[in-house]
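Engineer: My structure is below; once you've seen it, I'll send some questions.
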Amino acid sequence: MFELFRAGGWLMYPIALCSIAALAICVERGWSLRRSRITPKHLVAQVWTWIKNNQLDKSKLKLLKSSSPLGEILAAGLVNHVHGRETMKESIQEAGRHAVLSLERYLNTLGTIAQITPLLGLLGTVIGMIDVFTVITIQGTGDANALSKGISEALITTATGLTIGIPALIFHRHYERKVEELVTAMEQEALKMVEVLHGEREKG
């Protein structure tokens, strides 16, 4: 592996940095975007219990807000409950926008890595072919060893760039879709709470 890395030339260093960053982002987002962390299973039921028993005070709202992104959205709506349905919905939507920014953290970076690593590989191909033609111009085509350096550099950087870029693109699309699903689920739960509190639908 080390020999292949050296044979790829200096462009292997930024490609390697991209691979490390992509791996770190994929692991971090995989951990952070767990459904159990974003939309805890029994959180809404707990909120209804507090409301039913008249236990929803400032300390409970603070606890709810810090518990999860869903809790933050629910708390934003509950704080503005006295101001009417439309104000509640606006507060929920605003909190939802903040939650989306948090859930999409690092995804732009991952998408950029997915795009630039194949381009870095292509740049390596161009540089390698330039080396090949330079050797041909100076020494002719008789020395295969002299040509092999440029050819190997071209092939290795291209293969490495694609090997990193393709999985990065797959994970980027996967996490984008997951964020959309989580945001939709949170909005549905919050809007149901608004409608129940204002007598527009039955709980459950």
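Engineer: Could you count how many residues in the stretch 85-100 are touching a residue at least 12 places away in the same chain (Cβ under 8 Å) and either under 16 Å from residue 36 (Cβ atoms) or open to solvent by less than 70 Å² (accessible area, probe 1.4 Å) (or both)?
Structural biologist: 9
Engineer: In the stretch 69-81, is there at least one residue being modelled with pLDDT under 85, out of contact with any strand residue (DSSP E or B) (no Cβ under 7 Å at 6 or more places or on another chain), among the charged types (D, E, K, R) and within 16 Å of residue 192 (Cα to Cα)?
Structural biologist: The answer is no; no qualifying residue exists.
Engineer: Does the stretch 22-34 contain at least one residue that is open to solvent by 40 Å² or more (accessible area, probe 1.4 Å), in contact with a helix residue (DSSP H, G or I) (Cβ under 7 Å, 6 or more places away or on another chain) and within 27 Å of residue 169 (Cβ to Cβ)? First the steps, then the outcome.
Structural biologist: Keep residues of the stretch 22-34 that are open to solvent by 40 Å² or more (accessible area, probe 1.4 Å), which gives 23-24, 27-28, 31, 34.
Applying the additional criterion that residues be in contact with a helix residue (DSSP H, G or I) (Cβ under 7 Å, 6 or more places away or on another chain) yields none.
Within the stretch 22-34, none of the residues are open to solvent by 40 Å² or more (accessible area, probe 1.4 Å), in contact with a helix residue (DSSP H, G or I) (Cβ under 7 Å, 6 or more places away or on another chain) and within 27 Å of residue 169 (Cβ to Cβ).
Engineer: I would also like to ask the following. Using the structure shown, decide if residue 160 is open to solvent by less than 40 Å² (accessible area, probe 1.4 Å), farther than 28 Å from residue 54 by Cβ, among the polar types (S, T, N, Q) and touching a residue at least 40 places away in the same chain (Cβ under 8 Å). Step through it out loud before you land on a result.
Structural biologist: Values: open to solvent by less than 40 Å² (accessible area, probe 1.4 Å): yes; farther than 28 Å from residue 54 by Cβ: yes; among the polar types (S, T, N, Q): yes; touching a residue at least 40 places away in the same chain (Cβ under 8 Å): yes.
Yes.
Engineer: Please indicate, with yes or no, whether at least one residue in the stretch 30-42 is out of contact with any Ser or Thr (no Cβ under 7 Å at 6 or more places or on another chain), touching a residue at least 24 places away in the same chain (Cβ under 8 Å) and among the aliphatic types (A, V, I, L, M).
Structural biologist: Yes, there is a match, as at least one residue in the stretch 30-42 is out of contact with any Ser or Thr (no Cβ under 7 Å at 6 or more places or on another chain), touching a residue at least 24 places away in the same chain (Cβ under 8 Å) and among the aliphatic types (A, V, I, L, M).
Engineer: Then there's this: Among 176, 202, 104, which is the only one that is modelled with pLDDT under 90 and either surrounded by 15 or more Cβ atoms within 10 Å (Cβ to Cβ) or out of contact with any Lys or Arg (no Cβ under 9 Å at 6 or more places or on another chain) (or both)? Give the steps one after another, and end with the answer.
Structural biologist: Numbers: 176 fails: modelled with pLDDT under 90; 104 fails: modelled with pLDDT under 90.
Exactly one of 176, 202, 104 is modelled with pLDDT under 90 and either surrounded by 15 or more Cβ atoms within 10 Å (Cβ to Cβ) or out of contact with any Lys or Arg (no Cβ under 9 Å at 6 or more places or on another chain) (or both), namely 202.
Engineer: Kindly indicate which of 185, 168 is out of contact with any Asp or Glu (no Cβ under 8 Å at 6 or more places or on another chain), within 21 Å of residue 37 (Cβ to Cβ) and either crowded, with 21+ Cβ neighbours inside 10 Å or of a type in the set (Gly, Ala, Ser) (or both).
Structural biologist: Values: 168 fails: within 21 Å of residue 37 (Cβ to Cβ).
It is 185.
Engineer: Quick check: anything in the stretch 118-141 modelled with pLDDT of 90 or more and more than 17 Å from residue 9 (Cα to Cα)? Reasoning before the result, please.
Structural biologist: As a first pass, look at the stretch 118-141 and keep what is modelled with pLDDT of 90 or more: 118-123.
Okay, now just the ones that are also more than 17 Å from residue 9 (Cα to Cα), so none.
Checking the stretch 118-141: not a single residue is modelled with pLDDT of 90 or more and more than 17 Å from residue 9 (Cα to Cα).
Engineer: Those residues that are among the aliphatic types (A, V, I, L, M) and either crowded, with 21+ Cβ neighbours inside 10 Å or out of contact with any Asp or Glu (no Cβ under 8 Å at 6 or more places or on another chain) (or both), I need them from the stretch 110-132; list them, please.
Structural biologist: Result: 110, 113, 114, 116, 119, 120, 122, 123, 126, 129, 130, 132.
Engineer: Could you go through the stretch 59-77 and let me know if any residue there is open to solvent by less than 70 Å² (accessible area, probe 1.4 Å), within 22 Å of the chain's Cα centre (by Cα) and of a type in the set (Asp, Glu).
Structural biologist: First, pick out the residues of the stretch 59-77 that are open to solvent by less than 70 Å² (accessible area, probe 1.4 Å): 60-61, 64, 67-77.
This time we only want the ones that are within 22 Å of the chain's Cα centre (by Cα), so: 67-73.
Remaining after also requiring of a type in the set (Asp, Glu): 72.
So far as the stretch 59-77 goes, yes, one or more of its residues are open to solvent by less than 70 Å² (accessible area, probe 1.4 Å), within 22 Å of the chain's Cα centre (by Cα) and of a type in the set (Asp, Glu).
Engineer: Okay, moving on. Would you tally the residues in the stretch 1-21 being in a helix (DSSP H, G or I), open to solvent by less than 100 Å² (accessible area, probe 1.4 Å) and modelled with pLDDT under 80?
Structural biologist: So the first thing to find is which residues in the stretch 1-21 are in a helix (DSSP H, G or I), and the list is 2-7, 12-21.
Next cut, open to solvent by less than 100 Å² (accessible area, probe 1.4 Å) only: 4-5, 7, 12, 14-16, 18-19, 21.
Pick out the ones that are also modelled with pLDDT under 80 and you get 4-5, 7.
Residues meeting the conditions: 3.
The values are calculated or read from the model by the stated rules, or taken from the named source; none is laboratory data. As the structure is a prediction and not an experimental result, all values here were calculated from the model. Backbone-built Cβ (ideal geometry, glycine too); neighbour counts: all protein chains shown. Just the protein is used for accessible areas: all its heavy atoms, side chains included, with ligands, DNA and RNA removed. Shrake-Rupley method; radii C 1.70, N 1.55, O 1.52, S 1.80 Å.
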